[in-house]
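What follows draws every value from the coordinates through simple rules; no lab data is involved. Because the structure is a prediction, the values reported are computed rather than measured. Methodologically, a virtual Cβ is constructed for each residue, glycine included, from the backbone with ideal geometry; neighbour enumeration extends over all protein chains shown.
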Amino acid sequence: MYEFAPVLGSAVDRGIRPVLRFVHVTLGLSPDQVTWAAFGVSVAAGAVFATGRVVPALVLMAIGQLLDALDGGIGLVSAAGHRLDTWLDRASEIAIFVGCAAGGLVSLRLALLASVAVLLLTTVVDRSRLDPGVKRFALYFGIWAPYPLIFSIIFIVNLAAYVAGLLIIDCRFQRNMDALGGDLNTVASRAARLEIP
């Protein structure tokens, strides 16, 4: 998560270690249970957004995001757990975005466009390793900026990251093909095998 700033990552890890120990050891919660709890709190945040009460919704959203950060920190990561976390993260964002639309903060059309852009980015992020993180976090700026502007930014940034992610994947694939030598017809299948993690 903090590859760009390892010192920050180490400090954050040290700071949340007691919380992780409490959640996992004392309460006995598994990462999947924490993921589901984060999803439940995020859906509640979407419901509160739908009532038009922004500050309580943002508080619930922050709690959901803190819980979401804890599930990976427990350290029992599996492929199935990663998929569950990703699916519930996207479902949480959609619930919150639709809640914002229901509360009149933004049009349903713009909330759906932002959701589609986030979903598109999700389809390539594991292979491209490019995720600008402009999803729920951007909503905190709604205290100072209009939500239609924020949702437009979420849409544009995630759609641009999707396109950039596709280009990154294509460049890596081309580099692998070039390393194998030959043309597309003779080496494409071998290059595709190199792309499989």
Task: the stretch 101-125 residues near the modelled residue 153 label - backbone nitrogen below 19 Å, point 7 Å along Cα→Cβ - done: 101, 105-107, 110-119
Task: Distance in nm between pseudo-label sites at residue 109 and residue 123 (7 Å out along the Cβ direction from Cα) - done: 2.3
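Calculate, in nm to one decimal, what residue 80 and residue 180 gain on full extension: separation in residues at 0.36 nm each, minus their alpha carbon distance. Let's see the in-between values first.
Numbers: separation 100, 0.36 × 100 = 36.00 nm, distance 3.27 nm.
Using 0.36 nm per residue and subtracting the Cα-Cα distance, I get 32.7 nm.
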- [ ] Give the peptides 39-49, 132-142 in descending order of average Cβ contacts within 10 Å, highest first.
- [x] 39-49, 132-142
